[in-house]
Protein chains: 4
Amino acid sequence: MSDAEPIFDVAHLSHAELLTPRFDQSVRFFKDLMGLYETGRDDTSVYLRGYEESHHHSLRLTRADEPGLGHIGLRTTSRAALDRRVAEIEAMGAGIGWVDDATGYGPAYEYRSPDGHRMRIFWEIERPEVAKDQRSRLLNRPMKRPGIGVPVRRLDHLNIMCSDVAPVRDFLIRSTGARLREAVVADAGPVIGAWLSHNNINHDLALTMDMTGASGRLHHVAFYYGVPQHLNDMADLLRENEIAIEAGPGRHGITQGSFLYCFEPGGNRIELFGDEGYLIFEPDWQPVIWPERDLALGLSYYGAELPLTGAAIGTPPRPIPDPAEIMARIQGKA
Amino acid sequence: MSDAEPIFDVAHLSHAELLTPRFDQSVRFFKDLMGLYETGRDDTSVYLRGYEESHHHSLRLTRADEPGLGHIGLRTTSRAALDRRVAEIEAMGAGIGWVDDATGYGPAYEYRSPDGHRMRIFWEIERPEVAKDQRSRLLNRPMKRPGIGVPVRRLDHLNIMCSDVAPVRDFLIRSTGARLREAVVADAGPVIGAWLSHNNINHDLALTMDMTGASGRLHHVAFYYGVPQHLNDMADLLRENEIAIEAGPGRHGITQGSFLYCFEPGGNRIELFGDEGYLIFEPDWQPVIWPERDLALGLSYYGAELPLTGAAIGTPPRPIPDPAEIMARIQGKA
Amino acid sequence: MSDAEPIFDVAHLSHAELLTPRFDQSVRFFKDLMGLYETGRDDTSVYLRGYEESHHHSLRLTRADEPGLGHIGLRTTSRAALDRRVAEIEAMGAGIGWVDDATGYGPAYEYRSPDGHRMRIFWEIERPEVAKDQRSRLLNRPMKRPGIGVPVRRLDHLNIMCSDVAPVRDFLIRSTGARLREAVVADAGPVIGAWLSHNNINHDLALTMDMTGASGRLHHVAFYYGVPQHLNDMADLLRENEIAIEAGPGRHGITQGSFLYCFEPGGNRIELFGDEGYLIFEPDWQPVIWPERDLALGLSYYGAELPLTGAAIGTPPRPIPDPAEIMARIQGKA
Amino acid sequence: MSDAEPIFDVAHLSHAELLTPRFDQSVRFFKDLMGLYETGRDDTSVYLRGYEESHHHSLRLTRADEPGLGHIGLRTTSRAALDRRVAEIEAMGAGIGWVDDATGYGPAYEYRSPDGHRMRIFWEIERPEVAKDQRSRLLNRPMKRPGIGVPVRRLDHLNIMCSDVAPVRDFLIRSTGARLREAVVADAGPVIGAWLSHNNINHDLALTMDMTGASGRLHHVAFYYGVPQHLNDMADLLRENEIAIEAGPGRHGITQGSFLYCFEPGGNRIELFGDEGYLIFEPDWQPVIWPERDLALGLSYYGAELPLTGAAIGTPPRPIPDPAEIMARIQGKA
């Protein structure tokens, strides 16, 4: 066994910023169907969180011309850990600079992944006061479980698309100590997908090869239920409310998570996560590498099938290439 | 926010050793109803693990005259982390010494909690070869999901009884960096229960005031399903097989875990854990302290009631005190 | 096997009328937490139904000084079946007369059980037009699954309390062709409980010995989910909204139904029914008779315990007798 | 509302006989994965039932050169009802004659559907004695819930393929009083599918247009869980044991049932039914007719997609026609 010590500098994926061209409809989707609480609002954005989250927000929804990812927010495990990570990011030449006026957290250091995804890392967070009528009967629950929609509990993970997965995977490992948990590698060499995490869940940041060849796009943001039945409940509610379901409920082979994919009114793909698949407690975890021939089982162990074209659909939208082009990309010829 | 850095030296509760005076029946219980795999056997013990565990064993069952806890096994996050923890334990005067010949892990350092519970800490583990017909179709699952009983996935946590909770709580925090997540504190001062963890689950080691005043006893060992429905399935199967159910299914307020308590044939209490309640990602988690008046809700948020006499029942068995004596103990007068 | 032919004249329990002294709070409970739709309102009553019900209402809530049962509504399988049942009821001397102006159904024949419960039987029903925005995407679902509370699907059954169970049991069998499915009979002879049905569910009308000795009271009205997990969801929501949970979730041995009991703001006990236990397809079903010694298992197979004092709590409220008086009643000495 | 009285002469689908060319493997599938009990065996057949069934068997497995349906067994609600149904069947010219030596039931009258499916109808059944160690702790459960596989509770329904659905639908309505619950009708006229039942479940016999044009084939036999989560459990177990999953888990729009389709080793399609969708209590039920444009939603409301080619796969096997031929058949041109 290796004598190296793991890096424990990042606590978790703290928030995601989503851009939406249909702001009001997106806000209603997240509040009325997903059961998120609004914790703040300004000219450009609404701030939201699940009933099991105590920091200011896990989702920032921002008006924009096109849907897509604004930025990713990571929280460190200490002030010193933040300093260490910023030093590393600067040494890698990926830094942009400090943001001091963000709502709900900060100071934060902003930087970019090799594929262009904007990221922020910070230590300090705000924990807003909860109004008396929103307080739960449970002392360990930040807010009352809402009686609306099929309420999610918290943000779970983010899946970002990459023109080339391998450099982003390596960047996350070095910049913030993410650990590689699983990956799908094509026979010809290209990495089709990679799942990494900074803690015991099996992925907080996942990477998908963008079959259009674009850079910096978003595949999906995932929210957590913890009870597989809630995916059935949510699928029913989405159908009744004419929200497009892309696939699911079903269970991935990769990560073993149970999934339901839909598109919020702004166009971004949202995953509802029924349970976490499995947790990883082994500090010397050996990444599970799925070969190309197991891709179908890896994408869907049971339930809905997940076609590879799903890896061409992201935000902002781009034309979907034909199957031949996708195969060429997997074979490293694109 | 504090500038201190958390300790990340212990990865997880790796195994528990249970003593049983009805060895064969206990083994059958864990294999035929709980669906554990046998991974080894010697003159005194059988070694078992769940189908999602890749290390040698999470449960060692050992022949004995009385039921109870043999020892607790913790795995560190690195070799250096083991050295740091052993140095700290020795500095605290709690050490016993190195064990070099344990089956499945080691070298391990053995020590004792202030209440007498035997503990071992180690870095190296064995990952036994899996026979071909026991291999799962999933590359990320160590063994095939068994088609027997209602199979648990892995060891979850251990709850140990203490003549006095506070010193054991402090010992775990200092010796291995456990973080206090929740506690119940009596109005008169004594700590009735404490829940700690070394990672993102909200408790891997819990402490219960022993209402008999005894030291070093076991309250329960808990195994994990991750799907609340499986508690219903298991309750049905236990009833059909005349295994005594103590309480459940239900959901704790404290930790929010969904529970089912039964007694294995050897007499030890086993908890089946339907889901993990909530995970903790906050490095600066503020412990949730439940006052005495919330004890009933804290023990049972819904489902089965959990009477306080449950805190007098442990292994090895002792006479259950009358309610007045229990109240005196809570009030710090016993 | 008997050569007798079963009676198939009653289709199902069509509705229940509940009296409430806290009308507005009761209405809010049924609409906001139980997810019932309002289909009508007049000076005294609100009419409600679940999203899987196509007739006018399954619950009529009526203003009153005290909580309790208004009346029970049974629908026949044909117009001729109604004539046959009315003839039988009149022959038994239990009839009151025709009601021609009821909202949502009728003409209805009103009569009384030997214990005084008011009952109505009818063939014709109204099926109200559904507003476009309440129509489900499913052609076989009368109304959209609501995104509020944890919505029940339909009325399931009614449990009424009897000063003496046996004559009411016999009355239901003769008057409407109810079939006895299960019963609990005390060693000394009295029937403690009886479960009957007119169709394939194992009970649409259940009878409980009233431990106070009163006549004509209501034990509970039950609504149906069909998914056991929804009992957990509802228990959580009830706790958050400070609705008193009496017991559950748990599973009865008798009928095998999964239960959650709470009290709506008006004081009536409401059961949420997670699944139907088992369906009965055998026309020559032999009633299952539980002896007194199996009463505890029969009341609760797993999950919450159900104390016998629950059989003293009904509406309208009456003082709860002491345990000795309850035992005397069971022994036929009260 | 119509003044006609419904026919209540058939109680339920009592059993199905399946033919299998891989007898021993089929028996193991039903016993080890589906948890059926063996209640009898002779030279040609094994008789099986679920743990909630009290009659002799619900599944007869018979050795044969090809997979397929042996016969369908319906039980009447009385002896007189049997006489009435036989008279009607004979009047329709569909009768074959009496079978007096069947194992577990009889005398039975055998007849044929217009498409050639063999059917038997009878009143008398055997209820075999249950060995002491197989008796359940529940008095209302015929046999102990087994601790093997993911045990089904009972037979649910049968789906048979028809070269022409309409005449078989009409035959079932007239011969045994089946009621039409739902149907899919192509724009050009042909009936693509029909769902009928003799009791409160929404279908015990379903009919599928055979896209190959063959007569008398079997689409699937369905067994019942009553808990949607069990479909997930079974899907996992099937994958681990290399049993081919065709589709699911998912939920049909038509009937709203939750499904999982697999093929038993003999080649017959088996459906696992997670819950019954909805029950029908209305004696004057108006059949729900799905138009061709809603076919996709009707086949799959959420979860797995169900392609129309599934309606070409049945037993005994036949070559699957190309899509153009299937479309021609739907348009009434084949």
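List of remarks:
- Among the criteria (1) within 14 Å of chain A (Cβ to nearest Cβ); (2) touching a Lys or Arg at 6+ places or on another chain (Cβ under 8 Å), the one D:VAL191 does not fulfil is (1).
- Put simply, of D:SER300, D:SER258 the only residue that is within 20 Å of the chain's Cα centre (by Cα) and either more than 29 Å from C:ARG251 (Cβ to Cβ) or surrounded by fewer than 24 Cβ atoms within 10 Å (Cβ to Cβ) (or both) is D:SER300.
- Members of the stretch A:234-255 that are in contact with a helix residue (DSSP H, G or I) (Cβ under 9 Å, 6 or more places away or on another chain), surrounded by 23 or more Cβ atoms within 10 Å (Cβ to Cβ) and within 21 Å of C:LEU231 (Cβ to Cβ): A:MET234, A:PRO249
- Answer residue from the stretch A:1-17, given it is among the aliphatic types (A, V, I, L, M) and within 14 Å of chain B (Cβ to nearest Cβ) and is nearest to C:GLY149 (Cα to Cα) among those: A:LEU13
- Residues satisfying the stated conditions in the stretch D:111-125, i.e. part of a strand (DSSP E or B) and surrounded by fewer than 19 Cβ atoms within 10 Å (Cβ to Cβ): D:ARG112, D:ARG118
- Entry remark, the stretch C:228-257: residues being at the interface with chain B (Cβ under 10 Å from one of its Cβ atoms) and polar (S, T, N, Q) number 3 in total.
- Residue in the stretch C:293-329 that is farthest from C:ILE192 (Cα to Cα), counting only those that are without any contact (Cβ under 8 Å) to a residue 12 or more places away in the chain and not in a helix (DSSP H, G or I): C:ASP322
- Test: residue in the stretch A:258-280 that is at the interface with another protein chain (Cβ under 9 Å from one of its Cβ atoms), assigned to a strand (DSSP E or B), more than 19 Å from A:LEU36 (Cβ to Cβ) and hydroxyl-bearing (Ser, Thr, Tyr): yes
- Scan of the stretch B:110-125 for residues that are touching a residue at least 24 places away in the same chain (Cβ under 8 Å) and more than 13 Å from chain A (Cβ to nearest Cβ), ordered by number: B:GLU110, B:TYR111, B:SER113, B:PRO114, B:ASP115, B:GLY116, B:HIS117, B:ARG118, B:MET119, B:ARG120, B:ILE121
- A:TYR225 meets each of the listed conditions (1) more than 9 Å from every other protein chain (Cβ to nearest Cβ); (2) of a type outside the set (Asp, Glu); (3) under 29 Å from A:PRO321 (Cβ atoms) apart from (3).
- Failed criterion for D:GLU325 (all others in (1) more than 13 Å from chain C (Cβ to nearest Cβ); (2) within 30 Å of C:ARG79 (Cβ to Cβ) hold): (2)
- In the stretch C:281-292, the qualifying residues are those that are buried (at least 21 other Cβ atoms within 10 Å of the Cβ) and assigned to a loop (DSSP other than H, G, I, E, B), and the one that is modelled with the highest pLDDT is C:PHE281.
- Subset of the stretch B:322-334 (residues that are surrounded by 14 or more Cβ atoms within 10 Å (Cβ to Cβ) and either in contact with a Gly (Cβ under 8 Å, 6 or more places away or on another chain) or aromatic (Phe, Trp, Tyr) (or both)): B:ARG329, B:ALA334
The values are calculated or read from the model by the stated rules, or taken from the named source; none is laboratory data. The structure presented is a predicted model; accordingly, all values stated were derived computationally and were not measured. Positions of Cβ are backbone-derived with ideal geometry, glycine not excepted, and every protein chain shown enters the neighbour counts.
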